[in-house]
Amino acid sequence: MLGLGASWTTVDLEQVRRAVEAVRDPELGQGLGELGMVREIRGGRGGSVRVELALTTAGCPMTAELTRDVHAAVAPFSGEVTVELTVMSEPDRRRLAERFLASRPRSGAADARAIYAVASGKGGVGKSSVAANLAVALARQGRSVGLLDADVWGYSVPQLFGVHRPPVALYETMLPVQAHGVRLMSLGFLVEEGEPIVWRGPMLHKALTQFVHDVHWGDLDVMILDLPPGTGDVTLSVLELLPEASLLVVTTPQQAARTVASRVGVMARDVGMPVAGVVENMSELVCAGCGEHTALFGSGGGAQLSEELGAPLLGRVPLDSALREAGDAGVPVVVSDPASASARELVAVAGALRPVRRSLVGRQLGVDPVPQR
Ligand SMILES: Nc1ncnc2c1ncn2[C@@H]1O[C@H](COP(=O)(O)OP(=O)(O)OP(=O)(O)O)[C@@H](O)[C@H]1O
């Protein structure tokens, strides 16, 4: 109360401040109070409130979402809310970056409680679609999830999540882009849309090392890697950087696809990497009208591969136009059409995932469900 007449504010500004401080920054995933972004909060005539926030960068891509969330948080206390956005001073940005660096898990993404590297023998079998939807399904089950697009030449995470903005960079650290509850990083965020990556091996290795170690992933329950198809250099680099990863192999039911996918399994065995499971994608096509099942790409590839690799077949995702349309629209199918056959199967795969640790005696050890926080 400022005591400037009956028409002046009767709003409890301390209460408003607490509500604003509790709003989570959509990009940074932390409370605005904790991030030091809440500046002045002033009451005005007729119970109106003016909230001043300092953003990390002038071009912050999430201002609309942030403003909306602050309005919603203050609405119960005040009739009219104005949100004014300014930019942090350099010393404040530096302080925030230092705090991020100090609180960063020592090995970045490698400290995630479970790491799954999603691989395939060849391109186009739906590896990225599976990786993206598993990440979102796990996030919707309450896990903190990161998705690193290591498919450097064929990056598709920006398209699958419908985000094409660069990540926020704060001095020596970069913050993952958040979408559908998942923390994302992809080379595709750092180049112009559609621009090809023509980097040589050492540059790619350096970029991936930075993605793993220098990005502020925060405390992750699950890290999912979308590997390039096959068993090339980039795949080996990533697996070296994340030695605790277990492999998830995606294949179609087709015998030819199964054969090339089994090479990935051989590579995993050679580098001592456990295989968490196999996902068969583009299994039967189910006719929406008559319910008839058609094995467009043959059948049995997933089951055979699972037997060959001694790893469980975690699911058979049908060919489904809902999944393809969702990918084109930039909203993963588990969000856009959760009742579709493909979404239901992908959620079931997420529920069946179990990390497998390397055993000291050469035997794989199954451990309990994706660890809880
Ligand atoms: N179950 C499915 N039903 C229908 N369409 C699918 C299914 N899975 C994937 N697709 C579609 O197939 C295409 C290839 O999928 P995706 O990009 O996920 O494959 P990929 O194995 O990651 O390919 P690459 O390795 O070449 O990037 C996409 O257009 C995707 O929408």
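The values are calculated or read from the model by the stated rules, or taken from the named source; none is laboratory data. These numbers were taken from a predicted model, which means no experiment stands behind them. Glycine gets a Cβ as well: all are built from the backbone with ideal geometry, and neighbour counts include every protein chain shown.
Summary of values
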item: Region 74-89: number of residues that are under 23 Å from residue 177 (Cβ atoms) and not in a strand (DSSP E or B); result: 1
item: Residue among 284, 280, 244 that is assigned by TED's automatic domain parsing to the domain that holds residue 124 and not in a strand (DSSP E or B); result: 244
item: Checklist (1) at positive phi; (2) more than 10 Å from the ligand (Cβ to nearest atom) applied to residue 352, failing item; result: (1)
item: Elements of type strands (runs of 3 or more DSSP E) in region 144-221, at least 2 residues being in the same structural domain as residue 128 (by TED's automatic domain parsing) and modelled with pLDDT under 85; result: none
item: Where residue 206 falls short, out of the listed (1) farther than 23 Å from residue 232 by Cβ; (2) without any contact (Cβ under 8 Å) to a residue 12 or more places away in the chain; result: (1)
item: Residue check for residue 246: in contact with a Pro (Cβ under 6 Å, 6 or more places away or on another chain), away from the ligand (no atom under 14 Å from the Cβ) and of a type in the set (S, T, N, Q); result: yes
item: Residue within region 167-186 that is among the acidic types (Asp, Glu), under 21 Å from residue 241 (Cβ atoms) and under 12 Å from the mean Cα position of the chain (by Cα) present; result: no
item: Residue check, residue 328 touching a helix residue (DSSP H, G or I) at 6+ places or on another chain (Cβ under 6 Å) and within 13 Å of the ligand (Cβ to nearest atom); result: no
item: Filtered residues of region 115-130 (kept if farther than 12 Å from residue 228 by Cβ and either crowded, with 24+ Cβ neighbours inside 10 Å or touching a strand residue (DSSP E or B) at 6+ places or on another chain (Cβ under 6 Å) (or both)); result: 115, 116, 125, 126, 129, 130
item: Residue match in region 304-316 (condition: among the small types (Gly, Ala, Ser) and either within 16 Å of the ligand (Cβ to nearest atom) or in a helix (DSSP H, G or I) (or both)); result: yes
item: Residues located in region 199-237, provided they are closer than 13 Å to residue 147 by Cα and either within 16 Å of the ligand (Cβ to nearest atom) or in contact with a His (Cβ under 7 Å, 6 or more places away or on another chain) (or both); result: 224, 225, 226, 227
item: Among (1) surrounded by 21 or more Cβ atoms within 10 Å (Cβ to Cβ); (2) assigned by TED's automatic domain parsing to the domain that holds residue 183; (3) modelled with pLDDT under 90 - the single one residue 78 does not satisfy; result: (2)
item: Test: residue in region 308-326 that is among the aliphatic types (A, V, I, L, M), assigned by TED's automatic domain parsing to the domain that holds residue 162, modelled with pLDDT of 95 or more and farther than 30 Å from residue 178 by Cβ; result: yes
item: Single residue of 222, 191 found to be in contact (Cβ under 8 Å) with a residue 60 or more places away in the chain and among the β-branched types (Val, Ile, Thr); result: 222
